[in-house]
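The values are calculated or read from the model by the stated rules, or taken from the named source; none is laboratory data. Being a predicted model, the structure only gives us computed values, none of them experimental. As a convention, Cβ positions derive from the backbone with ideal geometry for all residues, glycine included, and neighbour counts pool all protein chains shown. Accessible surface is based on the protein model in full, side chains and every heavy atom, while ligands, DNA and RNA are left aside. Shrake-Rupley method; radii C 1.70, N 1.55, O 1.52, S 1.80 Å.
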Amino acid sequence: MNIIVCVKPAPDPKRWDSIHLDPVTKALQRGGIPSVLGPLDKRALEEGLRLKEKYGGKVTAIAMAPPGGRENLIEALAMGADEAYLLSDRTFAGSDTWSTSLVLAKGIKKLGNFDLIICGAWSLDGSTGHVGAQLAEFLEIWNVSQVTVVEEIENNRLRTRSQIERGYRVMETPLPALVTVTH
């Protein structure tokens, strides 16, 4: 299994009161505020590592972030990821979800072969929930959202369980695929 986990370093919520808006560019000014991985990014990493333990292979963490995001990728490596890649360029600053998804898709295509991509269902700071679906669209792969657990991978197929209002939804999807995970 070649698993890619997308993570988003976000400003530490304990310091959000220090974030200001640039009056000219309207971009967030978060200098000096450390970034953290949100709970769903960590959940995505944990799911990837659980699948690696069960099926073998490797887990690669990837992020599009300012250079300070390197520390968050080191954390992903400490959690057990085999490789980590930071996509960072000044031109990425202030990107919306479409641009972020496009940059991640191009980075993932450059990395090459993968079986599964795992993302948190939404980011700690933006909370839009768009990047996973947009990334799957750019990569032209299957997308399963709001996954609570990947139940099984067999015969190049993925079976997932998602919590819905009155129970669970179980889906089977061909690989390669992208899943967004929740709790």
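Annotations
- Filtering S99, S123 for residues that are open to solvent by 30 Å² or more (accessible area, probe 1.4 Å) and among the polar types (S, T, N, Q) leaves a single hit, S99.
- Hits in segment 127-142 - residues which are at pLDDT 95 or above and either part of a strand (DSSP E or B) or of a type in the set (A, V, I, L, M) (or both): L135, A136, L139, I141, W142
- Top-ranked residue in segment 42-68 [being acidic (D, E) and surrounded by fewer than 20 Cβ atoms within 10 Å (Cβ to Cβ); ranked as nearest to the chain's Cα centre (by Cα)]: E46
- In the set (1) surrounded by fewer than 19 Cβ atoms within 10 Å (Cβ to Cβ); (2) touching a Gly at 6+ places or on another chain (Cβ under 9 Å); (3) within 22 Å of R50 (Cα to Cα), the condition left unmet by N113 is number (2).
- Selected residue (criterion: surrounded by the most Cβ atoms within 10 Å (Cβ to Cβ)) from residues of segment 156-181 that are in contact with a Phe, Trp or Tyr (Cβ under 9 Å, 6 or more places away or on another chain) and not in a strand (DSSP E or B): P176
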